[in-house]
Amino acid sequence: MSLIETDNLPDHDDFYAELLATHRGLNEAQSHALNARLILILANHIGDRAVLSRALELARETV
Amino acid sequence: MPYDYEPFEYAPPPGLKAKEPQHKVVIVGAGPVGLAMAIELSNHGVSSVVLDDNNVVSVGSRAICWSKRSLEIFDRLGIGEQALAKGVTWKVGRTFHRDHEVFNFDLLPEKGHRMPAFVNLQQYYVEQYLVERAQEIDLVDLRFLNKVTAVEQTDDAVHLRIETPDGEYGLAADYLIACDGARSPVRGMMGLEFEGELFEEHFLIADIEMQGNFASERWFWFEPEFHAGQSALLHKQPDNIYRIDLQLGWDTDPDEEKKPEKVIPRIEKVVGHSDFRLDWVSVYTFQCRRLRDFVHGRIIFAGDSAHVVSPFGARGGNSGLQDVDNLGWKLAAVLQGRAPAGLLDSYNRERTHGADENLRNSSRTTRFMTPADGIERIFRDQVLRLAGKVPFARGWVNSGRLSVPCIYPSAAPDNIRMPKATRPGAVALDAPHGNGWLLQNLGGAPRLLAINCAAPDLGLDVLEVEETPFLRERYLGDAAQAFYLIRPDQVVAARWIEPDAQAVRAAIDAMWEGRA
């Protein structure tokens with residue numbers, strides 16, 4: 001399995017709205033912490049080392 | 001060429017001389033929604049009087065993007081060909097962030113539909129075509145320079161006071177439909193207020209006439225260098241008129257921003273030269289809100305008088321036409337005694353549902369374009385950053401989601417082996433049919449559509465067809481045959497693989513009673 005880079009999430013607008021709503025009312029440090037927890041939770045769910053390495057690489061390349 | 005705003009003829013209404021008999025329907029407002037409403041009612045055999053305090057089409061392009069569904073509705077109203085012939089279709093969209101293009105897309109037309117996904121056409125053309133069409137119809141009584149000053153409702157009628165250049169008169173009607181826009185005077189007279197999330201933003205909207213071969217494309221900028229921190233949109237319309245939308249921010253002064261000495265330099269920065277003529281400028285203030293209820297006894301709200309949204313995503317004019325589509329057959333059925341007055345509750349239920357979906361979508365777009373400082377802005381900017389690199393993120397860039405009809409919640413008979421896109425509550429999808437098109441053949445009457453089978457005789461018009469690849473994809477799915485009950489507004493009411501006369505009869509009753 002390789003990292004999916006094409007559209008894979010149905011109704012991503014809805015997810016995006018929920019993501020922002022989850023952050024609402026948090027200060028900057030709390031938002032950073034939430035994002036960190038979220039990444040760890042999703043990484044565990046994905047459970048594929050190669051996919052995660054490629055995702056990290058892609059995120060880093062885009063800096 | 002600038003549009004020629006020719007005034008429509010005013011004639012002194014009969015009510016100035018003698019009391020008019022009670023009318024079936026009075027429509028307040030001769031904009032696209034009010035005019036479409038009158039023509040749609042006439043399609044169902046119902047007469048109406050349309051009152052407007054003005055006598056010209058709306059000034060400036062205003063609603064410009066008409067969706068496939070609106071074009072299908074226009075077709076039934078008799079102006080589909082005109083709108084299609086005059087309108088401009090763009091296929092390529094370009095999205096910029098700061099000074100570089102992030103990505104572009106090419107919208108390939110979907111095969112097997114009579115109408116394209118949308119056309120750009122100034123609202124004044126749509127109004128002109130609708131007025132010309134309405135004037136051909138005996139059942140439509142169009143009265144310009146007739147201003148409603150008072151509205152009162154009794155058990156069996158709505159009473160109006162109306163001002164004209166020749167004095168005042170009164171009218172009574174079984175029903176009043178308020179299609180009088182975002183600042184609806186009728187809504188004000190009834191003391192009703194919008195509810196919901198207050199979400200305010202200012203946009204400068206300008207039409208410019210520009211010769212030359214500027215591409216027929218949609219260009220959208222996030223935080224352009226020429227307009228720091230805000231967003232901008234450029235669209236082509238017929239007659240070499242281009243529409244520019246510039247987000248101004250809420251803390252700007254609309255009167256100041258409208259001045260040509262402020263507007264022209266801004267536009268020069270957008271198009272990169274000064275070889276254009278300013279045709280129209282307006283500052284658009286919007287809220288994302290709606291009335292809690294669209295039906296108040298004998299007074300019914302449709303279009304902007306009932307719900308207002310942000311301009312991105314083309315949900316103002318298009319959702320108003322869907323209100324018309326939903327209300328026309330229902331009000332006709334109630335007035336003609338074919339259905340109980342309760343059927344109108346289903347207009348309220350279904351169109352408030354549609355309005356909520358439009359409000360949700362337009363609020364999300366607005367939020368993407370104007371993120372709050374902090375984490376919202378970080379996420380927004382990183383979606384744009386990723387979009388330049390990874391295909392999935394392009395779909396997440398939200399500069400307006402094209403208006404498509406909502407799917408009304410429905411518990412009607414269904415079968416999961418059939419395609420989801422045509423489930424009960426959805427608008428029937430078009431497909432080639434003989435030498436024409438399926439939706440044209442469905443028309444505006446309730447229909448039984450039988451594919452690969454015979455329909456039982458239940459007193460409704462029947463359309464029996466053999467399958468085609470498009471019908472298989474859009475209506476059959478895995479099923480060998482299919483049987484659809486389709487409402488007059490072309491919404492699927494119920495569907496079966498094996499029709500059972502008793503179940504179909506029950507679904508027909510549910511349709512006339514407006515049960516979900």
Original post:
Which of the residues belonging to the range B:400-411 are buried (at least 19 other Cβ atoms within 10 Å of the Cβ) and either among the small types (G, A, S) or facing chain A (nearest Cβ under 9 Å) (or both)?
Top reply: B:G400, B:S403, B:S410
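Considering only the range B:1-88, give the helices (runs of 4 or more DSSP H) lying wholly within it that have at least 2 residues that are surrounded by 23 or more Cβ atoms within 10 Å (Cβ to Cβ) and touching a strand residue (DSSP E or B) at 6+ places or on another chain (Cβ under 8 Å).
Numbers: elements: B:32-43, B:68-77, B:80-86.
Ranges flagged: B:32-43, B:68-77.
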Original post:
Could you list, in sequence order, the residues of the range B:128-156 that are aliphatic (A, V, I, L, M), within 12 Å of B:V28 (Cα to Cα) and open to solvent by less than 20 Å² (accessible area, probe 1.4 Å)?
Top reply: B:V148
Subject >> Every residue from the range B:204-223 that is hydrophobic (A, V, I, L, M, F, W, C) and modelled with pLDDT of 85 or more >> reply: B:L204, B:I205, B:A206, B:I208, B:M210, B:W219, B:F220, B:W221, B:F222
**OP:** Within the range B:179-200, identify whether any single residue is closer than 30 Å to B:L278 by Cα and modelled with pLDDT under 85, and answer yes or no.
**Re:** yes
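Please go through the range B:231-253 and give me each residue that is over 23 Å from B:P2 (Cβ atoms) and open to solvent by less than 40 Å² (accessible area, probe 1.4 Å), ordered by number. Walk me through how you get there before you give the answer.
From the range B:231-253, those over 23 Å from B:P2 (Cβ atoms) are B:231-232, B:247-253; that's our starting set.
B:S231, B:A232, B:Q247, B:L248, B:G249, B:T252 - these are the residues of the range B:231-253 that are over 23 Å from B:P2 (Cβ atoms) and open to solvent by less than 40 Å² (accessible area, probe 1.4 Å).
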Subject >> Residues that are touching a Leu at 6+ places or on another chain (Cβ under 8 Å) and farther than 23 Å from B:G317 by Cα, drawn from the range B:97-145 >> reply: B:H97, B:V102, B:L139
**OP:** Please state which one of B:L476, B:L429 is open to solvent by less than 30 Å² (accessible area, probe 1.4 Å) and among the aliphatic types (A, V, I, L, M).
**Re:** B:L476
Original post:
List pairs: first in the range B:371-392 and more than 9 Å from chain A (Cβ to nearest Cβ), second in a helix (DSSP H, G or I) and of a type in the set (D, E, K, R), Cβ under 6 Å, 6+ apart or cross-chain?
Top reply: B:A387/B:R394
**OP:** Pairs only if they're at least six apart or on different chains, beta carbon under 8 angstrom, first in the range B:97-108 and open to solvent by 90 Å² or more (accessible area, probe 1.4 Å), second of a type in the set (F, W, Y); list them, first residue then second.
**Re:** B:R98/B:F222
**OP:** Assess whether A:A33 counts as being within 11 Å of chain B (Cβ to nearest Cβ), in a helix (DSSP H, G or I) and modelled with pLDDT of 95 or more.
**Re:** no
Original post:
In the range B:109-161, what count of residues is obtained for those that are assigned to a loop (DSSP other than H, G, I, E, B), under 13 Å from B:L35 (Cα atoms) and in contact (Cβ under 8 Å) with a residue 60 or more places away in the chain?
Top reply: 3
Original post:
Could you say whether any residue in the range B:17-28 is under 26 Å from B:M115 (Cβ atoms) and in contact (Cβ under 8 Å) with a residue 24 or more places away in the chain?
Top reply: yes
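Of the residues B:S47, B:S67, which is more than 24 Å from B:L145 (Cβ to Cβ) and in contact with a Leu (Cβ under 7 Å, 6 or more places away or on another chain)? Spell out the reasoning first.
Details: B:S47 fails: more than 24 Å from B:L145 (Cβ to Cβ).
B:S67 is the lone residue from the list that is more than 24 Å from B:L145 (Cβ to Cβ) and in contact with a Leu (Cβ under 7 Å, 6 or more places away or on another chain).
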**OP:** Give the residues of the range B:412-436 that are at pLDDT below 95 and assigned to a strand (DSSP E or B), sorted by residue number.
**Re:** B:H433, B:G436
**OP:** Report the residue count in the range A:48-57 for those that are surrounded by 10 or more Cβ atoms within 10 Å (Cβ to Cβ) and either away from chain B (no Cβ under 12 Å) or modelled with pLDDT under 95 (or both).
**Re:** 6
**OP:** Six or more apart or on different chains, Cβ under 6 Å: which pairs go from a residue in the range B:316-334 that's modelled with pLDDT under 95 to one that's assigned to a helix (DSSP H, G or I) and open to solvent by 10 Å² or more (accessible area, probe 1.4 Å)? Could you list them?
**Re:** B:G317/B:P32
**OP:** Scan the range B:257-291 for residues that are polar (S, T, N, Q), outside any loop (DSSP other than H, G, I, E, B) and at pLDDT below 90 and jot them down.
**Re:** B:T285
Original post:
Quick one: would you say A:A43 is touching a Leu at 6+ places or on another chain (Cβ under 6 Å) and either within 12 Å of another protein chain (Cβ to nearest Cβ) or free of Cβ contacts under 8 Å to residues at least 12 places away in the same chain (or both)?
Top reply: yes
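In this structure, does B:S362 turn out to be of a type in the set (S, T, N, Q) and either within 14 Å of another protein chain (Cβ to nearest Cβ) or without any contact (Cβ under 8 Å) to a residue 24 or more places away in the chain (or both)? Step through it out loud before you land on a result.
Numbers: of a type in the set (S, T, N, Q): yes; either within 14 Å of another protein chain (Cβ to nearest Cβ) or without any contact (Cβ under 8 Å) to a residue 24 or more places away in the chain (or both): yes.
Yes, satisfied.
The values are calculated or read from the model by the stated rules, or taken from the named source; none is laboratory data. Keep in mind that this is a model prediction, so the values were computed, not measured. Here the Cβ is made from the backbone with ideal geometry for all residues, glycine too, and neighbour counts use every protein chain on show. Accessible surface is based on the protein model in full, side chains and every heavy atom, while ligands, DNA and RNA are left aside. Shrake-Rupley method; radii C 1.70, N 1.55, O 1.52, S 1.80 Å.
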